[in-house]
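The values are calculated or read from the model by the stated rules, or taken from the named source; none is laboratory data. Since the structure is predicted, the reported quantities are computational estimates derived from the model, not experimental observations. Because the Cβ atoms are built from the backbone with ideal geometry, glycine has one as well, and the counts that use them run over all protein chains shown. Heavy atoms of the whole protein, side chains included, go into the accessibility calculation; ligands, DNA and RNA do not. Shrake-Rupley method; radii C 1.70, N 1.55, O 1.52, S 1.80 Å.
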Amino acid sequence: MFTRTSPSTGPRSPEVTGFYDQATGSIMYVATDPATRKAALIDVVLDFDPASARLSTESADEVLEFVAREGLEVEWILDTHPHADHVMAQAHLKEKLGAPTAIGEKVREIAVLWRKIYNMPDAFDPARDFDRLLADGDSFRLGDIDVQVMLSPGHTLGSITYVMGDAAFVHDTFMHVDAGTTRADFPGGSSAELYRSLMAILDLPEETRLFVGHDYPPVGDRTDPAWEASVAEHRAHNKHLGGGISEADYRKIRDERDATLGLPDRMLFALQMNLRGGRLPEPESDGSAYLKIPANKF
């Protein structure tokens, strides 16, 4: 797996190691406080084959092997939103590590939306399946580092950004500088909300390192995945926003692009698990778990 580490820049600045999941274009993160060796795992992937509906843990286990090799103590298992393109590994990681899990509190509203889409009125209980539901402005500690929570809707209505010192995990808002920004056309998404979220992130100090959720190389002449750039670099050079752009112009670019995109091939499977913290539904009488797929709704 392609990995890269961004070193700490000083006290209360995390060391960040990213792991690139080629199957989904996702980046999984280990954020570490160098002073205490306490770590947070962010947006870790549970492998899923949509052709066979088979799950496996190789990618998440590679992250766990890194944690063990580095002698880290995991304090938090974090996700930024209920992902559409991959199954989250929270439940698997909690089973292995015992650390608390967290996601944004608006997962409750996302659950309501998807109960209707799946016609499953009694499905999903975020208060049961996540240890902490985080609100805009909440804070907690990772070792000696203060972590601030920013609500960053647009891609979903409940996405959150984790700001840890001079690092911000901005999920599906920005992509790398040369790729622009992420889509806003999923249920509950909004290009207007996404624009406002992007602008709020760009209000962070210019040296803040932004760590994005996805990359899909090749992009231009670049062949390797990339996921880190500073606020200053995005302000100046981001493909969709660099140099300043009005909300109307941005929304035109975003909405026209989104209209050409198909659904991720894991989406209708993944949301049923991710709204359960990465868990399958309870097994039925034959001992197997089943996922429900709505026909002709998208």
Interchain or long-range residues, amide H under 5 Å from H171's placed H: G213
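Suppose the chain between A127 and A200 were pulled fully straight at 0.36 nm per residue; how much longer would it get relative to their current alpha carbon spacing? All intermediate terms of the calculation are to be shown ahead of the outcome.
Details: separation 73, 0.36 × 73 = 26.28 nm, distance 2.80 nm.
Once the chain is fully extended between A127 and A200, it gains 23.5 nm.
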Hz values of 3J(HN,Hα) by residue in segment 122-138 - Karplus curve (6.51, -1.76, 1.60), Gly and Pro given as x: 9, 7, 6, 9, x, 5, 7, 8, 10, 6, 9, 10, 9, 9, 3, x, 5
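Let me know the shape class of segment 110-202, please: from the alpha-carbon gyration tensor, a ≥ b ≥ c as square roots of the eigenvalues, rounded when a/c is under 1.5, otherwise prolate if a/b is greater than b/c, or oblate.
oblate
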For segment 235-298: span of alpha carbons on each principal axis (Å, largest first): 58, 27, 16
Gain upon complete extension [A135, R69; 0.36 nm per residue less C-alpha separation]: 20.4 nm
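Calculate, for the chain, the solvent-accessible area per residue in square angstrom, rolling a 1.4 angstrom probe over the heavy atoms of the protein chains. Can you show the working numbers first?
Numbers: 12710 Å² over 298 residues.
Normalised by residue count, the accessible surface of the chain is 43 Å².
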For the chain: lysine pairs under 28 Å (alpha-carbon distance), excluding those fewer than 8 apart on one chain: 15
Inter-label distance for A51 and K252, nm, one decimal - labels placed 7 Å from Cα along Cα-to-Cβ: 4.3 nm
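With all protein chains present, how much of the accessible area of the chain (probe radius 1.4 Å) comes from carbon and sulfur, to the nearest whole percent?
Values: 6050 of 12710 Å².
In the chain, the share of accessible area belonging to carbon and sulfur is 48 percent.
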Span-like helix ranges in the chain, DSSP H, alpha carbon extent 15 angstrom or more, Kyte mean at least 0.5: 191-202
Relative contact order %, the chain, counting alpha carbon pairs below 8 Å whose residues are six or more apart: 17 percent
